[in-house]
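Report on one structure; see the data block that follows.
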Amino acid sequence: MSASTGQNLSPGFESPSRLLVVVVPAYNEKTNIAGVLAELSAVRLERTTVEVVVVDDGSTDGTAELARRLGTEVVCLPFNMGIGMSVQTGVLYALKRGADFVVQVDGDGQHVPGEISKLLAVLETTRSDVVVGSRFARKRRGGLESTTLARWLAGRALAMVVRLLTGQRFSDTTSGFRIYTRRAAQLVAHSYSDDYPEVEALVALVRRGFQVTEIGVQMRRRIHGKSSIGAWKSIYYFIKVILSSCIEKVRA
Amino acid sequence: MIALAGLQRIELIAVLACGVLAATVFELVRRGKIKEKYSLLWFLTVASLSILSLKREWLHSLASSFGIYYPPSALFLALIFFVIFILIHFSMVLTKLMNQNQKLAQRVALLEVEVLREQNKAR
C-alpha cells in the first residue's frame with residue numbers, strides 16, 4: 001500500500017517538498033486496520049508526500065502482521081505500553097524520517113483520513129503548530145445526542161478544566177485526531193503521557209506557547225469492537241486526566 | 001548504656017524486631033536480592049529506631065515534644081515516618097524505572113524497523 005511513497009526519495013527527483021507522516025496507533029484492531037490503511041492510501045496532498053506508519057501496541061490478534069502484509073511500515077512495541085507511548089513512538093519514527101508534519105489517525109476507524117487535508121490546510125492558513133479535529137466543534141451543545149449523559153458531562157467538565165488551564169476553548173479535548181508541525185511534534189517526542197495523553201498534551205502545548213487550533217471534522221462511530229475504555233476505567237481516566245492536566249500547568 | 005533488663009517490654013520487642021529486620025536486609029543484600037543503595041534507607045530506619053528504643057531519655061523527650069503521653073507510641077510514629085519515606089522513595093524509583101523501560105522499548109521497536117529495512121534492501 002501507499003504507505004511508503006517516500007522510501008526512495010531522492011532529492012530533486014519529482015521532489016515533493018514536504019513529508020507528512022501519519023501515525024496510526026493500533027491495539028488489537030485487526031478488524032478495522034485494513035479499512036483505515038486503505039483509506040489512508042487514497043490520501044493525496046498537494047506538494048506533500050504522505051507516509052503511513054502503524055504503531056502496534058503489543059496486539060495479540062495479528063494486527064501488526066496484517067498491516068505488514070498490506071505493505072505498511074509497522075513499528076512493533078515489545079509489549080502493551082498504552083496509547084500515549086504508541087503515539088510517541090510513532091512521532092519519534094516520523095521525526096527520524098524527517099517529517100515536516102505528523103498526523104495521528106487512530107487505528108479503530110473513528111477518524112476519517114479524508115479529513116487530513118483539512119487539518120493540514122487549517123494548519124497552514126492559521127499558521128498554527130497543532131490542529132485538533134473535533135467531532136463537536138460545529139455543534140453548539142457539544143453533541144449530547146451522540147453519546148451517553150455521563151460521557152457528555154465528563155467531556156464538558158474536561159473542556160472546562162482545559163479552558164481554565166489554557167484560557168482557550170476546546171470542544172473535544174480527548175480527540176486524538178491531530179496534526180503537528182515538526183516543532184510541536186518534538187515536544188510530543190520529548191514528553192507525552194503513557195495513558196490518556198490527549199487532554200494534558202493540550203495544556204502542555206499551549207503552555208509552551210504553541211498555537212493550537214481546533215476545527216470541526218467528521219468522525220465515525222467504531223465499526224467493529226468495543227472502545228478500550230469501560231465504566232470503571234472511565235472514572236479513573238477522568239480523575240487521572242484532570243490531575244495530570246493540572247500538574248502539566250505547573251510542571252517543572 | 002542502659003541495661004536490657006531496664007527496658008519496658010515494648011522497647012525490648014522493638015530492639016529485637018530491629019535486630020531481625022537488620023539481619024534480614026543484610027542477608028538479602030549479601031545474596032544480591034537488594035542493592036546496597038536500596039538497603040541504606042532500611043539500615044537508617046533500624047538504627048534510628050534502635051537508638052530510640054535504647055536511649056529512653058531521647059524517646060521521652062521526642063514524645064513530650066510531640067505531645068505524646070505514652071512514649072513507646074513515639075516509636076510507632078517514628079516507624080511510620082520511615083516507612084512512608086521509604087515508600088515514597090520506592091514510587092520515585094519505580095517511576096524512573098518505568099521511564100527507562102519505556103524509552104528502551106521504544107528504541108528497540110524503532111531499531112527493529114531499521115534492521116528489517118536493511119534486511120529487505122540486502123535481499
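Please average, across the residues of A:89-98, the number of beta carbons from any other chain that are within 10 Å of each residue's own beta carbon, and give a whole number.
2
Kindly identify the protein assembly as shown as rounded, prolate or oblate by the Cα gyration tensor criterion: order the square roots of the eigenvalues as a ≥ b ≥ c, call it rounded if a/c is under 1.5, otherwise compare a/b with b/c, prolate if a/b is larger, else oblate. Cα axes put the protein assembly as shown in the prolate bin. Take every pair of alpha-carbon atoms less than 8 Å apart whose residues are at least six positions apart; their mean separation over the length of chain A yields a relative contact order of 22 percent.
Surface composition of chain A: carbon and sulfur make up 56 percent of the accessible area, probe 1.4 Å. With both residues required to sit in the protein assembly as shown, DSSP beta bridges show an antiparallel share near 30%.
What a 1.4 Å probe finds exposed on the stretch B:15-122 is 71% carbon and sulfur by accessible area, rounded to a whole percent.
Taking a ≥ b ≥ c as the square roots of the eigenvalues of the alpha-carbon gyration tensor, the stretch A:173-252 is classed oblate because a/c is 1.5 or more while a/b is no larger than b/c.
For the protein assembly as shown, the solvent-accessible area with a 1.4 angstrom probe is 55 square angstrom per residue.
Summed over both chains, the contact between B and A buries some 1300 Å² of accessible surface at a probe radius of 1.4 Å.
Only Cα pairs under 8 Å and 6+ residues apart enter the sum, and on that basis the relative contact order of chain B stands at 20 percent. Taking the chain by itself as reference, the stretch B:93-108 contains these residues with an accessible-area loss of 30 Å² or more in the full protein complex (1.4 Å probe, heavy atoms): B:102, B:105, B:106. Shape class for chain B: prolate, because the ratio a/c of the largest to smallest gyration tensor axis (alpha-carbon atoms, square roots of eigenvalues) is 1.5 or more and a/b beats b/c.
The values are calculated or read from the model by the stated rules, or taken from the named source; none is laboratory data. All values reported here derive from a predicted model rather than from experimental measurement. Neighbour counts are summed over all protein chains in view; Cβ atoms, including those assigned to glycine, are modelled from backbone coordinates with ideal geometry. Heads up: the accessible areas ignore ligands, DNA and RNA and are worked out on the full protein's heavy atoms, side chains in. Shrake-Rupley method; radii C 1.70, N 1.55, O 1.52, S 1.80 Å.
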